[in-house]
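Notes follow once the structure below has been shown.
The values are calculated or read from the model by the stated rules, or taken from the named source; none is laboratory data. Predicted model only: the values in this text are computed from it and were never measured. All Cβ positions, even for glycine, are placed from backbone atoms using ideal geometry, and neighbour counts span all protein chains on display. The accessibility values were calculated without ligands, DNA or RNA, using every heavy atom of the protein model including side chains. Shrake-Rupley method; radii C 1.70, N 1.55, O 1.52, S 1.80 Å.
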Amino acid sequence: MAQQTDGKSGRQLRMETRERNPLWKNPPLMIDMDICINCDACFRACPRQFGAIFNHDIDVIIIPELCSGCDKCIDPCPVDCIHPDPDWQPSPEAWWNEPGTNDPYT
Ligand code: SF4
Ligand code: SF4
């Protein structure tokens, strides 16, 4: 269940704080762009309450701070290029422009 604080969804809070939910046990996932064919199947599979996958220039990206590691995007990927990323690093500033300017999950 999403966190609720002052009427904001957990996802909104994660976007503001740029922090993952500390209760999430699974690592976020990452996309190997050398293999990805930009089919958008993963984007359609990502639950709206997480909303972690975006088009960014010619890449498809997963913002790790928004990714719960629920794994729902793995099976739909036709080329098996989505993997757990236990050593994830904070998203670069430019990635936050995607949910910040044109959020496809709202
Ligand atoms: S693991 Fe879940 S939350 Fe993360 S990108 Fe895939 S579908 Fe979205
Ligand atoms: S489902 Fe796989 S191939 Fe398709 S856009 Fe997502 S990561 Fe790329």
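If you count only protein heavy atoms and use a 1.4 Å probe, how large is the accessible surface of L13, to the nearest 10 Å²?
Counting only protein heavy atoms, L13 exposes about 40 Å² to solvent.
Going by Cα centres, segment 75-96 and segment 9-23 are how many Å apart?
That distance is 17 Å.
What distance in nm lies between label points placed 7 Å from Cα along the C-beta direction at R18 and I74?
In this crude spin-label approximation the distance works out to 2.9 nm.
Can you compute the FRET efficiency between N26 and I58 using 1/(1 + (r/R0)^6), with r the Cβ-Cβ distance and R0 = 25 Å? Round to the nearest 0.05.
The formula returns an efficiency of 0.35 here.
Once fully extended, how much extra length lies between H83 and M33, figured as 0.36 nm per residue of separation less the alpha-carbon to alpha-carbon distance?
Result: 16.9 nm gained on full extension.
Let me check something: with ligands and nucleic acids excluded, how do R44, R18 order by accessible area (1.4 Å probe), largest to smallest?
R44, R18
Can you compute the helix-only [θ] at 222 nm over the chain? Use -39500 (n - 2.57) per DSSP H run of at least 4 residues, normalise by all residues, nearest 500 deg cm²/dmol.
Theoretical 222 nm ellipticity from helices: -5500 deg cm²/dmol.
Based on the mean of other beta carbon atoms within 10 Å per residue, what is the order of 50-56, 19-25, most packed first?
The most tightly packed comes first, giving 50-56, 19-25.
With θ set to phi - 60° and the Karplus curve 6.51 cos²θ - 1.76 cosθ + 1.60, what are the ³J(HN,Hα) couplings of segment 8-13 in order, to the nearest whole Hz, using x for Gly and Pro?
Whole-Hz 3J(HN,Hα) from phi for segment 8-13: 8, 6, x, 5, 4, 5.
What are the ³J(HN,Hα) values, in whole Hz, obtained from phi via the Karplus relation 6.51 cos²θ - 1.76 cosθ + 1.60 with θ = phi - 60°, for each residue of segment 71-87 in sequence order, with x given for Gly and Pro?
With the stated coefficients, segment 71-87 comes to 6, 5, 8, 6, 4, x, 6, x, 10, 6, 10, 10, 9, x, 10, x, 9 Hz.
Which value, in Å² and to the nearest 10, is the accessible area of M33 when all protein chains are kept and the probe is 1.4 Å?
About 60 Å², ignoring ligands and nucleic acids.
Accessible area per residue, 1.4 Å probe, Å², for the chain: what's the number?
Per-residue value: 61 Å².
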